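Scroll down for the structure; my scribbles are underneath it.
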Amino acid sequence: MDEQQAQEKHSTLEQILAQRKEKIAKIREMGFEPYPYAFEITHKSKAVTEDFAELEGKSVSVAGRLMTIRRMGKAAFAHIQDTEGRIQLYLSKNDIGDNAYAMFALLDIGDIVGVRGQVMKTRTGEITVKADELTLLSKNIRPLPIVKEKDGVVYDAFADKELRYRHRYLDLIVNPEVKDVFIKRAAILRATREFFDSRDYLEVETPILQPLYGGANARPFITHHNSLDTDLYLRIADELYLKRLIVGGFDKVYEFSRNFRNEGMDRNHNPEFTAIEFYEAYVDYFYMMDLVENYFRSIAEALGTPQIEYQGESIDFSKPFARRTMADLFREYLDIDLAVADEKSFAAWADKRAFEYDPKWNYGQFLDKLFDEFIEPKLQQPTFVLDYPKAISPLAKVRRDGDTRFVERFELFICGAEYVNAFSELNDPLDQRERLESQDRLRALGDEEAQTLDEDFIRAIETGMPPTGGVGIGLDRVIMLFTGQNSIKDVLLFPAMRPEKLS
RNA sequence: GGGUGUGUAGCUCAGCCGGUAGAGCAGCGGCCUUUUAAGCCGUUGGUCGAAGGUUCGAUUCCUUCCACACUCACCA
């Protein structure tokens, strides 16, 4: 007694851990193995409740994590939770035997158990497995957050976002609705793959470690290859590699691309995120617009939700998406005529509206900033925005009507946020070289996000790339949209966090 | 980077005008064979995010720092 037992009475976290380790020893002394190798399950919790009519009185074998325990001397009720839900257990000393019941007395919320027993209904009508046999499958030593619930009201919810993100396993255990988001995420990825596979697209994998980074405007993560003694970059996009494949003769390719961008983090940005890029030879951006529209429609259908609510806006994917040119939108929202506008007139306009700008901005930058500030938030219903300034789109073909200030590029906006970026891909090698050289010059002048000149990519284009339509979609945002989440952290299982300081 | 807010027990939270901390759940010891936020009796558990400062005295006031959230900027 005395010292050790006095110690055991304390219940700081460390003491709780010590107590539970002691329980493991006791359980072994009683002849039970706290960490056995397997357990045969006949029914998931959901199957027991759904098929109750058939199963009543029959023997089933279920397993899961103990989430509630209500002991009443020689009998107890408990709930176990498995992937699909919860089922109540009834354990009585008579049925499982003195020894197993004594072992059960040492169990805690968070332990994983298997039970074989009869399906029944309790006096209050809850479907329950009346245990004949109890098997401990894994003894927990670290206490779970205790979340209680009554009549649909949750008490003491595990709500601290930092803890939820850092210890996602706990979040998944005690906040079951979190699971649904990730199940839906998987469904969206599956539907995406089916969408492209069924259209004869080839799924490909291209390097994540790249000697040069390109295909987007962003700062990269840099790493080092020891045996090559060379720096490599984590890709910011896979665009330039997919185009090489188009050159190589794969006419339709797509890739789920985990991209890495060394930039700010917020509700819409995580340093690593998932895009899908797809390229198709012999088509232009009009064709791709139709494809993208069909893509969103097919995802909505796959999820069985042709209409969704997001941030207070009702979106009906069965309706056609709006298509507006930049010129249109500037005329409508800002009363600016892009055909005659220039830096001076933009500046004058900005002065009038007290909009802060950098006098060094060129035509393209002005247009970009004014669009972001004044037009983007207005685009709530799905809207394709067509024709971006050439200066900010070095990989897109200029407009076919001869207005060389603009390129054939579209972005898709929903609820004021961008989801898709696409071009009629530039396949004129001379033009391409010029544009990337001009990006290179910008970078030399300190624009860290300007694109790099990748000679091998130029060589590929020089080899001859067919006319091609290309699209990138930010999948995390698509998932946010369809799961109703407003932070990217809530659709990533392990969002980026500052490393935890373990003192 | 700026602004706002938060940080107290394993979890969820109180703590007034400064006098070194409370509750519920969990834990521990009991009672209890149809409970379900089970109940009842008893009980342990805290470097009050960190470091300074003011003060006789700081969880409380001030400063700095750290972490997180929200937000703005930057950024797809």
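Worth pointing out:
- The label point for A:GLU54 and the one for A:ILE208, both projected 7 Å from the Cα toward the Cβ, are 4.2 nm apart.
- In the calculated pair-distance distribution of the range A:218-305, the portion above 22 angstrom amounts to 48 percent of the Cα-Cα pairs.
- Cα-based equivalent ellipsoid of the range A:336-408: semi-axis lengths in Å, sorted from largest, via gyration tensor: 21, 17, 11
- Solvent-free Debye scattering, log10 I(q)/I(0), computed from the Cα coordinates of the range A:3-156 at q = 0.11, 0.12, 0.13 Å⁻¹: -0.44, -0.53, -0.61
- The range A:3-156: relative contact order in percent, alpha carbon pairs under 8 Å with at least 6 residues between: 24 percent
- A:ARG400 versus A:ASP132: modelled label distance in nm, points set 7 Å from Cα along the beta carbon direction: 7.4 nm
- From least to most packed, judged by other beta carbons within 10 angstrom and beginning with the fewest, A:ARG477, A:ARG193 follow the order A:ARG193, A:ARG477.
- Sequence-separation-based contact order of chain A, relative, with Cα cut under 8 Å and 6+ spacing, percent: 12 percent
- Remark: C-alpha extents of the range A:386-452 on the principal axes read 36, 29, 17 Å, sorted largest to smallest.
- Here chain A is treated as a sphere whose radius is the Kirkwood value from Cα pairs; by Stokes-Einstein at 10 °C and 1.306 mPa s it diffuses with a coefficient of 59 µm²/s.
- Qualifying aspartates and glutamates (Cα of each under 19 Å from Cα of A:LYS378; at least 8 residues distant if same chain): A:GLU309, A:GLU313, A:ASP316, A:ASP328, A:GLU332, A:ASP335, A:ASP337, A:ASP368, A:ASP387, A:GLU411, A:GLU418
- Flagged links, alpha-carbon separation over 19 Å, of A:LYS150/A:LYS179; A:LYS130/A:LYS179; A:LYS179/A:LYS489: A:LYS150/A:LYS179; A:LYS130/A:LYS179
- Modelled FRET efficiency - R0 35 Å, A:GLU149 with A:ARG193, Cβ distances, 0.05 increments: 0.45
- Exposure rule at most 13 other beta-carbon atoms within 10 Å, DSSP loop chymotrypsin sites (Phe, Trp or Tyr not before Pro): chain A longest free segment: A:38-281
- Added length on full extension, which subtracts the Cα-Cα distance from 0.36 nm per residue, A:ASP200 to A:GLU313: 37.2 nm
- If the Kirkwood radius is taken over C-alpha pairs of the range A:342-475, then at 25 °C and 0.890 mPa s the Stokes-Einstein diffusion coefficient equals 151 µm²/s.
- Computed Rg/Rh of the range A:280-381, alpha carbon atoms with Kirkwood Rh: 1.09
- Percent of Cα pairs exceeding the 17 Å cut-off, where the set is the range A:166-292: 68 percent
Laboratory data are not the source of any read-out in this text; all were calculated from the coordinates shown. A quick note: this is a predicted structure, and the numbers were derived from the prediction, not measured. Cβ coordinates were reconstructed from backbone atoms using ideal geometry, including for glycine residues, and neighbour counts include every protein chain displayed.
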